[in-house]
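The values are calculated or read from the model by the stated rules, or taken from the named source; none is laboratory data. Worth saying up front: this structure is predicted, and the values here are computed from it rather than measured. Positions of Cβ are generated from backbone atoms using ideal geometry, with glycine treated the same way; all protein chains shown enter the neighbour counts. Note: areas computed on protein heavy atoms with side chains; ligands, DNA, RNA excluded. Shrake-Rupley method; radii C 1.70, N 1.55, O 1.52, S 1.80 Å.
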Amino acid sequence: MSEPVLRLVGISKRFPGVLANDNVDFELAPGEIHALLGENGAGKTTLMNVVYGLYKQDEGQIFIDGRQVEIHDPNDALARGIGMVHQHFMLVPVMTVTENMMLGHETTRGLRLGLLSDLDPDRVAEEIKALGDKHGLSIDPEAYVRDLSVGEEQRVEIVKALYRGAEVLILDEPTAVLTPQEAEDLFSIMRSLIAEGKSIIFITHKLKEVLVIADRITVLRDGRVVGTTEPSKTTEAELAAMMVGREVILQVEKGPAAPGEAVLEVQDLQVRDLREQMAIRGVSFTVRAGEIFGIAGVQGNGQAELVEALTGLTPVEGGHIFMNGQETTHLRPRAITETGIAHVPEDRHKHGLVLVYPLDENLVLQTYYLPPFAKRTFLQPKEVRENAIRLIQEFDVRTPSVRTHAGSLSGGNQQKVIVARELSRDIRLLIANQPTRGLDVGSIEFIHRRIVEKRDEGVGVLLVSSELDEILGLSDRIAVMYAGEILAVMPAEEATKERLGLLMAGVREAPDSIAAD
Amino acid sequence: MDSVFFSGLFFLALVKATPIAFGAMAGLMSERSGVINIAIEGMMLTGAMMAFLGSVIFNDLTGGTLPKIYSLLAGLIVAMISAALVALLHAVFSIHYKVDQIISGTVINLLSVGVTNFVANAYIDPRGLAGVGVFPVINIPILSEIPLIGRIFFSHQPLVYLMLIMVAVLQYALFKTPWGLRTRAVGEHPRAADTVGINVNRRRYINVTLGGALAGIGGAFLVLESVGRFQKLMTTGRGFIALAALIFGKWTSVGALGSALLFGFAEALGVRLQLGDVNELQALALLAGIGIIVLAGAWAVLKLIRRGADQRRNRTIGILASAGLASIAAALLFDWPSVEIPIQFLGLMPYIATVLVLAGFVGRAIPPAAIGKPYEKA
Ligand SMILES: Nc1ncnc2c1ncn2[C@@H]1O[C@H](COP(=O)(O)OP(=O)(O)OP(=O)(O)O)[C@@H](O)[C@H]1O
Ligand SMILES: [Mg+2]
């Protein structure tokens, strides 16, 4: 193999209480897609942030094209042809695509007045259009980022990196938020970039993707490199074991469901989205105690609004919602929570956690005002703390302490905190929206097992997911949502990937084949 | 009411709006980059005192040999520098020490009141320092000859023109230059700005400090173009009204000027009322009418931008606009009985206008997303 474009030697990075990277060696060959795998908190993002100049390594050297370099800030990285698409996108929502492209690297026209020169958005728009067309990344330069879908935002991020002259592209969990179709598109874009001589570091938790797209695979665990291998020499199960350090059961084990009375009844529900458009157009379904009711569908077909309406976060336009026999259609979120509802929200930063609060306080967000956590309006820090210690151990949350701010945990560990909080309460209905997004295989296995356990305890589960494997593996009954309607409801045995895929694309079935509810 | 009265009123409104607009621009530079600035009042007060001291001391040092315009300019520059230093203090508190920005602002306001009062008591009053005077009126050739318009816009003292120029420059700079792009990015999503190599904290330091210089001009205006000498607490809350104008103007300098003009108009009317040459009730009806129409207009524009399709709101806007027109018509057509309103109450008018405007609009204005949050690199 020729000289690596990027070589890391003995990189270590320490955070208070955590050794995030421990003497890591890594190589990226030219024209290679090198996948980086590892559990949540294994140190993947940290390692890449060191390469990109956002963090400074405590020890170790970075070589680019064989020469040792010092990377102090992102400018250094960009100047040396390293571009990064971050796990949480780095675009300014209130600006246009063009403005985001220019930011920090502006093209101007007319008088040269330094920072006060006249911006030239037209020329940049042309340039990025051309760049996008070349790689099959269609984007609208005039669009505001806040109006883009996640997939579009990601294309903008990739073009942004290319626009800044990236030769090495780092993609941090690019597929976590994409639909299967969008992920396919991303792979063909990656291949076209490789064909042009660029090199890519690809971080993901989806082992299937790694085997399809990567040339080499490096696995991190607890900040150390466990090994490097190639897709032809390994299997999903082996990779999972390397990541987690034990055998992982990729298939969910569950017995038949024993459905009881209805815990959630939705009748002809109608909801508007933020833009006042009808997002849910008359949806009806029932979830029973002791069953998992899965809602499949491509993201953006009303699932988010459905969950927000059920949990009281969005007003209901029409129809009725009954939980445990009680009408909750227009109740406030706290009143709904108090009827015995747990909610694992889609966006863990916006709705799941208070990022600047420590973990122990995040773990009592719905119960802080009740005994034992409060006595006569006074918070009981000891109880709050003990609760946290117990849950962190039970749910294997990797954190230096219970007083660590939620914002400094890795994405996967943040998700575990939410699941721990929701499942630890006395509940009758669990509403889980994308509960395993961004999680490693070990954590997914763990959370899936917890959800099935809850079902077996007689809790009704409403599972919303765009991950077909998750829906098929967990659900007892499956509904498919498309454009704000439920196109079909079927028992899990009658569902196949193909059938669900067609429904998710909006192809309606002939009336006689729709299974009765 | 005749045209002389109207042009006089609008002329005065522009004058009264000037310090508010300078203050609002100071807030704009700071808040657009993500640093809350409630210390505008303190910066203006410091600027006012230093403008006075600067011009007087410069005049003394040169022994009155130079034309007084040099002393006035010296005062202006001293005001800008000292207010910028006060702003720098706010920046160091908020950015380096990550002190809560509201608290830092409050501390600076209190500090400014204390220091300026002390200097006034210990130095200015005992010596009976007299001011150097004020900037002369500059009539713009030709333009100032235009009837009505010329009187309102083109025969002012220099800082009024400077204010109008700065509003235009800032509006352009904020949306059309690399400086503006970076400033907005830093205020909206500092991490994104960091990942493209922008130094977030440096940008904030520079913006807050330069903004302070603008607030200094606003304070200097009170001395160098209005009263001619320093009085204790002479800003009388204009820094806070500037903040309201900034918010009401949706964090743009043109918007801020618009709302500063509204406040300026209210203040001008208050002044005229206190002079007693206007019928109070008539003036109130006029002000209410104009206020309501501005409100309805702003609302309609907002709605157009958001393309909302709510019929009820359309009706509300219509009703508001007609009520405003009716009020103006009534003001002009009726013969109003004259009533005595206590003078203190009239002086209150601008502040009542502030409260109404804030009550109506603050909920709708969206501040920069990262405002008030110190940037933590990692
Ligand atoms: N800014 C920070 N301050 C303190 N600790 C941090 C910070 N960033 C990361 N960590 C810690 O470093 C470790 C590695 O985190 P990192 O984000 O690199 O994990 P990851 O492999 O990307 O995980 P995930 O798959 O969940 O994104 C974690 O234990 C995390 O809590
Ligand atoms: Mg990560």
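Summary of values
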{"read-out": "Relative contact order %, region A:130-271, counting alpha carbon pairs below 8 Å whose residues are six or more apart", "value": "15 percent"}
{"read-out": "Using a Förster distance of 25 Å, the FRET efficiency for B:Q274-B:L356 (Cβ separation, nearest 0.05)", "value": "0.75"}
{"read-out": "All aspartates and glutamates inside 19 Å of A:K375 as judged from Cα atoms, apart from same-chain residues fewer than 8 positions distant", "value": "A:E338, A:D360, A:E361, A:E383, A:E386"}
{"read-out": "Listed residues A:A257, A:T234, A:S192: farthest to the positive end of the dipole of region A:178-264 (Cβ charges)", "value": "A:T234"}
{"read-out": "Three-way shape label, region A:54-206, alpha-carbon gyration tensor, a/c 1.5", "value": "oblate"}
{"read-out": "Student exercise, region A:6-244 dipole from Lys, Arg, Asp, Glu Cβ charges, in Debye to nearest 20", "value": "480 debye"}
{"read-out": "MRE, 222 nm, helices only [DSSP H, n ≥ 4, -39500 (n - 2.57), over chain A, to nearest 500]", "value": "-9000 deg cm²/dmol"}
{"read-out": "Estimated FRET transfer efficiency (A:L113, A:R332; beta-carbon r; R0 56 Å; 0.05)", "value": "0.55"}
{"read-out": "Axial C-alpha extent at least 20 Å, average Kyte-Doolittle at least -0.5 - helices from chain B (DSSP)", "value": "B:3-32, B:40-61, B:68-91, B:101-119, B:158-176, B:200-221, B:253-275, B:280-306, B:311-333"}
{"read-out": "Within-14-Å neighbourhood charge of B:A74 [Cβ basis; K, R +1; D, E -1]", "value": "0"}
{"read-out": "Nitroxide proxy distance, nm - points 7 Å out along Cα→Cβ at A:R403 and A:S284", "value": "5.6 nm"}
{"read-out": "Cα point-scatterer Debye curve for the protein assembly as shown, base-10 log of I(q)/I(0) at q = 0.08, 0.11 Å⁻¹", "value": "-0.89, -1.34"}
{"read-out": "Residues of region A:104-129 buried by at least 30 Å² on assembly (accessible area, 1.4 Å probe, chain alone as reference)", "value": "A:G104, A:E106, A:L115, A:L116, A:D118, A:L119"}
{"read-out": "Chain A: relative contact order in percent, alpha carbon pairs under 8 Å with at least 6 residues between", "value": "15 percent"}
{"read-out": "Selected from B:S55, B:V107, A:P141, residue furthest toward positive end of dipole (the protein assembly as shown; charges at beta carbon)", "value": "B:S55"}
{"read-out": "Top positive-direction residue, dipole computed over chain B with Cβ charges, set B:V134, B:L333, B:V92", "value": "B:V92"}
{"read-out": "DSSP bridge orientation in the protein assembly as shown - percent antiparallel, rounded to nearest 5", "value": "60 percent"}
{"read-out": "Cα-based Rg / Dmax (Å) for region A:156-300", "value": "21.2, 60"}
{"read-out": "Gain on full stretching of the segment that runs from B:Y123 to B:I103 - 0.36 nm per residue minus C-alpha separation", "value": "4.3 nm"}
{"read-out": "Residues in region A:58-83 occluded by at least 20 Å² - accessible area, probe radius 1.4 Å, against chain by itself", "value": "A:P74, A:N75"}
{"read-out": "Sequence-distant residues sharing a close amide H with A:M84 (under 5 Å, placed H)", "value": "A:I170"}
{"read-out": "Cα-centre dipole for the protein assembly as shown with unit charges at Cβ (Lys and Arg positive, Asp and Glu negative), debye to 20", "value": "2820 debye"}
{"read-out": "Cα centroid separation, region B:16-59 to region A:317-378 (Å)", "value": "46 Å"}
{"read-out": "Debye, to nearest 20: dipole size of chain A, +1 on Lys, Arg Cβ, -1 on Asp, Glu Cβ", "value": "1420 debye"}
{"read-out": "Gain on full stretching of the segment that runs from B:R202 to B:A326 - 0.36 nm per residue minus C-alpha separation", "value": "39.4 nm"}
{"read-out": "Mean separation of Cα contacts under 8 Å (6+ apart) over length of chain B, as relative contact order %", "value": "31 percent"}
{"read-out": "Amide H within-cut-off set for A:S410, under 5 Å, with H built and near neighbours excluded", "value": "none"}
{"read-out": "Entries of B:K176/B:K373; B:K16/B:K68; A:K56/A:K129; A:K160/A:K206; A:K208/A:K254; A:K350/B:K377 with Cα pairs more than 32 Å apart", "value": "A:K56/A:K129"}
{"read-out": "Computed lengthening from B:V137 to B:Q344, 0.36 nm per intervening residue step minus Cα-Cα distance", "value": "71.5 nm"}
{"read-out": "Estimated [θ] at 222 nm from DSSP helical runs (n ≥ 4, -39500 (n - 2.57)) normalised by residues in chain B, nearest 500", "value": "-23000 deg cm²/dmol"}
{"read-out": "Solvent-accessible area per residue, Å², over chain A with all protein chains present [probe radius 1.4 Å]", "value": "43 Å²"}
{"read-out": "Computed E for B:L233/A:Q61 - FRET, C-beta separation, R0 56 angstrom, nearest 0.05", "value": "0.35"}
{"read-out": "Label-to-label distance, nm, for residues given as A:R246 and B:L110 (7 Å Cα→Cβ offset)", "value": "5.7 nm"}
